[in-house]
Structure formats: structure tokens, C-alpha cells
Amino acid sequence: MRCLIIDDDPTMLSLVAALLSRRGHNVETSEGLEALEESPERLDVDLVILDYRLGSATGLDVLRLLMTRQESPAVILLSGAERELIMGAVALGRSAGIRMLGALEKPLDARALLRIVDQLQASQGRIASSEIHSALTQGHFLLAYQPKVCLASGRITGVEALARWQDPERGLVAPDRFISVAEQDGQIIPLTWQLFEQALAQQHRWTRSGTHLDLAINLSPAVLESDDFLDSLLRRVERHGVAPSSLTLELTETRGIHDLSRAHDHLLRLREFGFGIAIDDFGTGNASMLQLYRLPFTQLKIDRAFVGECHADPKAREIILMVVELATRLGLDVVGEGIETWEQGRLLQEAGCHAGQGYLFAKPMYAEAFDVWHARYSGTSPKENAPWPVIHQQILPCHPR
């Protein structure tokens, strides 16, 4: 396993490096943030062991750097700083989708560190293409649904459908472990269509029962650029009896689009049929200004990296204000991702963000659990000083993206 230790204490660097090297791990070290900003590719590892205090910088600065990357490593915080600061950093990382394995105090408890590292290694067996193929054949891929809440009224406006792999032996396999493999070997196309079938069937059931929600489904550039994409999508939507106007396609990794002209033609046709088109993770580098300009989007999603920091960092707030103003001028709806706290929700509401999703409202849920949550949420009164109620889920068979 590839490990990067970040600590400004040379003695601690040597100690932790020696512990991990003896276990056969490939270990690199860094004494601070500056070297990582100059060579961010050094963060392409499986595990980062991070000191909270790094001279003039802190572990928060490194976490912010990790938030800008397409895939982030797991992180262990190791520090003698105040526990409140450390747990705040852990919460920030998790809100941004980073796999925070926990925090260890200094002086170092070597056994505790190695126990966490061993657990991570055991869970990170490389996913093979054949395993994904087998899971597709056996129907082990499922969808979880995370609600989107109107920040002005508290009304549930829609849900995002998120891929989950429920393996009978491994248990729940995180998307970041199989999506990239499926992208690389071309299986993202059959995987996407299998999940589309599930999503459309569920949308039909909700509509028949009187639950009218916009359903957002993630769409990879590889699928968008496939030869029969448009016909395949329209055929499935018609077969399930779902109105295109009740669906939003969230375009992931827009920088992966190789033929902007063709993508524009496909998306424009979908707009004509009534589909919504969202640009996902805007502001992190995965979604660029050029794609926002060239492609016919109807919705912009502000990345959780900014949402998670907006209550504490004036720069993050200013970026959110700028993005919301830009989207408003372009006539786009705005959704904030990764809302964890009341304060973040209120700040986004005041900034003019139309809707939000995140743990403040609910984690992703399988359909049956979502139906229970939705019924409870709809019957709950708004809380003081905010327009939305909050239901803390008791049954959560899913984990966040």
C-alpha cells in the first residue's frame, strides 16, 4: 500500500515511516504543505498520515488540497493539538467525501496506528474487471437515493440516485473502488444502463403512488459519447412510462468529454425532450467554465469542498456567492452538495442557492427506507430559524458517496 506521511517533526516522520516500511508498505514523507502544492501528484497514494500542525500551515490546508483532487486517499490525523480542533478537521474531511479513518494523539500509539492501517489494507483489495462483470450479471448493483431540499421552503424537490455495490461477501463496496475500474475497462456503459433501468422503474412507482420528485441520475461522459446513447435512453424512458421532465442527468467528470460538439448535440436533444441537465461538482476542476459555456445545462451543483468550508472560511463563502450569481445570470438552478450543519444551510439559502442535499437532511437510502423517511419528513414542522425540518434516520443501510 502506498503511504504518505506529512509531519514537520523529522523524528516522528522517521518513526512512522519505519513502522509502515516494516509492514511492507511503500512509504514517502513530506514535512509540509509547500512541497505538496508544488508536486500535488505526491498525494496520489492510498493513505495519508497527517499531522495537524505543520509550521505556518495546518492539516486543514492539506485537506483542502485533497478536496481539489478527483480521488482522495484515506486519511489518519496524528497530532497533539486540542481534540476539538482535530475532530473538527475529521468532520470537515468527511463532509467533503474524504475517507477519514480517525485521529490519534501524540505521543504515538504504534499499535493503534498499525491496527487502522491493517484494517484499511484488508478493505482495499484491488477490484478486478471480472468481479464487476460478475456483480452486473448477478444484480448486485443497487441505487440509494439522497433527497434534495428547497432551501427556501423546506419542501423535498427531488432525489439523486447513487450507485451502490452490495456484495454478499465484502458487504457494501464504496463507489470510489469500482467506478474508476468500470470507467477504465468500458463496463461503465452496461453498469449505467442497469442502474438507469432501476431508477426509471422506481420513478414510475413513485409517480403512480402520488410522489412527484425530480430524479437525478449520474451520467458518465463515456456513456454520453457512446453511439446509441440517445436512442437507448429515450427507448428506456418510454418503456417505463416516465416523463423526461421528471429526470435530471448529472454529468460527472465533464473534462472527460472528448467531443464537445457531439455532447452538445446529444444534450440539446435531451433538453428539447424536457430532461434537466446538471453540471456536477462545479468549482473543483472536474467541471470547467468551458463546459459550462459550451453545454446546455439547466442546473449547477456546488461542490461539497466549498460547502463544507463556507461557515468557517470567508474565501469559500465568496466563491459560493460568485458561483450562485453566475448561475443566476445564466438562468440555472443551483444545488449545494454536502450540507452538514444548520449554519451551512442558512448561508447557502442566504446566498440564493435554490436547493441542498447532505447529512443535515438525510444520508442516501435504499428506496424502502427513503419512503419511510419521506413520509416522516413531510409530516414534520420546520425548526426554529430555518424553513426545513430534519429527520435523523434510524435505519441507514447505505453510506455516503
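The values are calculated or read from the model by the stated rules, or taken from the named source; none is laboratory data. All values derive from a computational prediction rather than experimental measurement. Because the Cβ atoms are built from the backbone with ideal geometry, glycine has one as well, and the counts that use them run over all protein chains shown. What goes into the accessible areas is simple: the full protein's heavy atoms, side chains included, and nothing from ligands, DNA or RNA. Shrake-Rupley method; radii C 1.70, N 1.55, O 1.52, S 1.80 Å.
Just a few scattered comments:
- Distance between the modelled labels on residue 44 and residue 208, one decimal in nanometres: 4.8 nm (7 Å Cα→Cβ projection).
- Among 338-348, 176-186, the peptide with the highest mean count of other Cβ atoms within 10 Å heads the list, and the full ranking is 338-348, 176-186.
- Label-point separation, residue 174 to residue 262 (7 Å along Cα→Cβ), nm: 3.3
- Modelled label positions at residue 91 and residue 342, each set 7 Å beyond Cα in the direction of Cβ, lie 1.3 nm from each other.
- When Cα Rg over 2.2 N^0.38 Å is calculated for this entry, the matching label among (i) 1.01; (ii) 1.21; (iii) 1.06 is (i).
- Ligands, DNA and RNA are left out, and with a 1.4 angstrom probe the accessible area of the chain is 45 Å² per residue.
- For the pair residue 9 and residue 269 in one chain, pulling the backbone fully straight at 0.36 nm per residue adds 87.8 nm over the alpha carbon distance.
- Farthest toward positive dipole pole in the chain [+1 Lys/Arg, -1 Asp/Glu at C-beta], among 356, 55, 206: 206
- Of the residues 43, 331, 138, the one whose Cα sits farthest towards the positive end of the charge dipole of the chain is 138 (charges of +1 on Lys and Arg Cβ, -1 on Asp and Glu Cβ, taken about the Cα centre).
- Rounded percent of accessible protein surface that carbon and sulfur make up, the chain, 1.4 Å probe: 49
- Between the amide H of residue 54 and those of 59, distances stay under 5 Å, these residues lying 5 or more places away or on another chain, with hydrogens modeled in the peptide plane.
- Fraction of beta bridges assigned by DSSP in the chain that are antiparallel (%, nearest 5): 30
- Other-chain or far-sequence residues with amide H under 5 Å of residue 248's (modelled H): 215, 216, 217, 276
- For segment 32-88, the average shadow cast by the Cα convex hull is 3.8 nm², which is a quarter of the hull's surface.
- FRET efficiency for residue 109 and residue 380, using Cβ-Cβ distance with R0 set to 56 Å, rounded to 0.05: 0.85
- Between helix 367-378 and the chain there is an angle of about 80 degrees, using the helix long axis and the longest principal axis of the Cα atoms.
- Rounded to the nearest 10 Å², the accessible area of residue 61 at probe 1.4 Å: 50
- Helix content alone sets the calculated 222 nm mean residue ellipticity of the chain: runs of n ≥ 4 DSSP H residues at -39500 (n - 2.57) each, divided across all residues, give -13000 deg cm²/dmol.
- Cα-derived Rg to Rh of segment 216-261, Kirkwood definition: 0.99
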